[in-house]
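What follows is one structure encoded as structure tokens, with my remarks underneath.
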Amino acid sequence: MADMRIGGLASGMDTDQMIKDLMKAERIPLDKLQQKKQYLEWQRDDYRDMNKMMFDFSNLIFDGVMKQGTYTQKTVTLSNPNEVSVKNINATGDFSGTIKVESLATAATMYSSAAITQSDGGAFDPKKKLSESFGLTGEQTIRVKAIQKDGTMAADFTEIKFDPAEESLDSLMSKINNQTGVTMFYDSQTKQMSVMSKNTGSNGAGAEIELQGSLFSTHLKLDADNDAAVTAGRGSAGENAVFTYNGMKTERASNTFNINGFELTLKNASNTNVSFSSQPDTDKILEKIVKFVDEYNKLIEKVNGELNEKNYRDFKPLTAEQKEAMEEKEIEMWEEKARSGTLRNDSVLSSAMNKMRMDLYTPVSGGTSGTDQLSQIGIKTSSNYLERGKLIIDEAKLREAISKDPNAIYEIFAKDGATSGEQGIARRLRDTLKDTIDSVEKKAGKASSTNNTFALGRLLNNTDNQIDRFEDRMIQVEDRYWRQFTAMEKAIQRANQQSMYLMQQFGGGM
């Protein structure tokens, strides 16, 4: 409980208000320290906002104009899309050709020789524990080998160990389907097991599915491999896709495969010629470049705005008492001006703007296309000096450049090189942004930083220490004022008592 002080009983003065007024004057230096702290916090936050914006722009560069996949996007025209689909993966040039599909790739299959029954002859339930169904005890092992995506047989069996007292056929099938190259299915109608390889194609040198373990052979009535199943009339061999590509007959283990950086998927074996051709997807490539330009313009507008923002020196951060005496709208308008200019003429940001302009306008040397500047593909600086270097796109010229040679545009933005002059614009910009972000972090840190690791944080710590020391001093000053006023009240009280005594004496002698 705070000490209760009552003053002015003898003097009749409002001692409490007088001390409050005196303390207001004493607190002026403390208010200035708190205003300084608030300004430093605003400045720190504004620096961090700049860093976030630059970090986001750097990521946009990396995921957009700097990525080769941006420029390899293509539209593909097919004479019969129901027969074949063609998709670009990483082909940098355009492609065209004809394909005639004779047969599709198929997966190897096999199934049980007879209906599966319990060991006691009863009806089999795939949800029952295998120990109950087949009388199995102790740890059991099964092994599975199957054809791989490349059309070759796996070198080793996949081994699965299980406890029949804990495992049912349903739970074991789930493990087999997840861990091996086959898919197993139990048909409740025929009471048989079906096994199919996950990958299509022919092994060529033998079976595409091999099974080992008494569970398969004795209880599930499956052959040792699909070749034996085919011979017995209860399975099929895997087959390769057979097709003629640009006049040359060939095979693939899968119906989906890559040729020269684009992906073909065979859909139907009609044995008729299907022609296809590609061209750059101008709209998608243009979209990425426009996005880069828009975000660059937003960044330099924001940074230049901060660098040139007016600093209203007469508008200091408001103290708590000042806020209490103002309306909310007044506080908002005041603080808008008080916070203005926190980054005005900042040397790190000014240097970054100058370096980014150089990054954009310095030609990219050592390229193979003869295109080395943004102006050659329809991107130039605004002629309005008030826009401070914003980029303007001539869309028709840019579209023409994309259609003509998207790889040339890739070189302008993302070419790698030993020196800055040999590097593409996007690489230069990311280097500049990284250096700027690092420099700003030294000044303002980041959200996870502790104050003693960056310059503004150390200033904030020092200001906090000054505030703490000053607040301790204010307590001592206030105590001193109360002691002085209390002494004065006591003196006045004694004077009053003496005065009353004298009056009583003079009155008694009359």
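The values are calculated or read from the model by the stated rules, or taken from the named source; none is laboratory data. What you are looking at is a predicted structure, and each value in this text was computed from that prediction instead of being measured. A quick note on method: Cβ atoms are made from the backbone with ideal geometry, for glycine too, and the neighbour counts reach across all protein chains shown. Accessible surface is based on the protein model in full, side chains and every heavy atom, while ligands, DNA and RNA are left aside. Shrake-Rupley method; radii C 1.70, N 1.55, O 1.52, S 1.80 Å.
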>> Nothing charged except the Cβ atoms of Lys and Arg (+1) and of Asp and Glu (-1): what's the magnitude of the dipole of the chain about its Cα centre? Round to the nearest 20 debye.
In response: 1140 debye
> With labels modelled as points extended 7 Å from the Cα through the Cβ direction, what inter-label distance (nm, one decimal) is found for A154 paired with E324?
Replying inline: 7.7 nm
>> For the chain, what does the accessible surface come to per residue with a 1.4 Å probe? Please give it in Å².
In response: 55 Å²
>> How would the chain be classified by its alpha-carbon gyration tensor: rounded, prolate or oblate, with rounded meaning a/c under 1.5 and the a/b versus b/c comparison settling the rest?
In response: oblate
> N258 to E471: extension gain in nm, 0.36 nm per residue of separation minus the Cα-Cα distance?
Replying inline: 69.2 nm
> Which FRET efficiency value, to the nearest 0.05, is calculated for A418 and K175 with the Förster distance at 45 angstrom and r the Cβ-Cβ distance?
Replying inline: 0.25
> How high is the FRET efficiency between S79 and D163 when r is their beta carbon distance and R₀ equals 60 Å, given to the nearest 0.05?
Replying inline: 0.55
> Name the residues of the stretch 327-360 whose amide N is less than 19 Å from a point 7 angstrom out from the Cα of Y312 along the C-beta direction?
Replying inline: 327-345
>> At 0.36 nm per residue, and after removing the present C-alpha to C-alpha distance, how many nm does the segment from T141 to T265 gain when stretched out fully?
In response: 40.8 nm
> At what distance in nm do the modelled label points of N451 and T231 sit from each other, each positioned 7 Å from its Cα along Cα→Cβ?
Replying inline: 8.4 nm
>> On C-alpha positions alone, give me the angle between the axis of helix 395-404 and the longest principal axis of the chain, in degrees, nearest 10.
In response: 30 degrees
> Ratio of Rg to Rh for the stretch 41-111, alpha carbon only, Kirkwood?
Replying inline: 1.36
>> Can you compute the helix-only [θ] at 222 nm over the chain? Use -39500 (n - 2.57) per DSSP H run of at least 4 residues, normalise by all residues, nearest 500 deg cm²/dmol.
In response: -14500 deg cm²/dmol
> What is the Cα centroid distance between the stretch 232-266 and the stretch 468-500, reported in whole angstrom?
Replying inline: 102 Å
>> Could you report the accessible area of D405 in Å², rounded to 10, computed with a 1.4 Å probe on the protein chains as they sit in the structure?
In response: 60 Å²
>> Per residue of the stretch 465-482, what does 6.51 cos²θ - 1.76 cosθ + 1.60 with θ = phi - 60° give for ³J(HN,Hα)? Whole Hz please, x for Gly and Pro, Karplus curve as stated.
In response: 5, 5, 4, 4, 5, 5, 5, 4, 5, 4, 4, 5, 5, 5, 4, 5, 4, 5
> On average, how much area does the Cα convex hull of the stretch 107-236 cover when viewed from any direction, in nm²?
Replying inline: 7.3 nm²
>> Classify the stretch 138-183 from the C-alpha gyration tensor, please: rounded if a/c falls under 1.5, else prolate or oblate depending on whether a/b exceeds b/c.
In response: oblate
> From a point 7 Å beyond the Cα of N246 in the direction of its Cβ, which residues of the stretch 81-105 have a backbone N at a distance under 12 Å?
Replying inline: 94-99
> Given a 1.4 Å probe and every protein chain left where it sits, what share in percent of the accessible area of the chain is carbon and sulfur?
Replying inline: 48 percent
> Taking the Cα-to-Cβ direction at A205 and at T486 and moving 7 Å from each Cα, how far apart do the two end points lie in nm?
Replying inline: 10.3 nm
>> Just to be sure I follow the definition: excluding the sites themselves, where is the longest run in the chain that has none of the GluC sites (Glu not before Pro) in a DSSP loop with at most 14 other Cβ atoms within 10 Å?
In response: 328-510
> Nearest 0.05, what FRET efficiency do E332 and L386 give at R0 = 30 Å with Cβ-Cβ as r?
Replying inline: 0.60
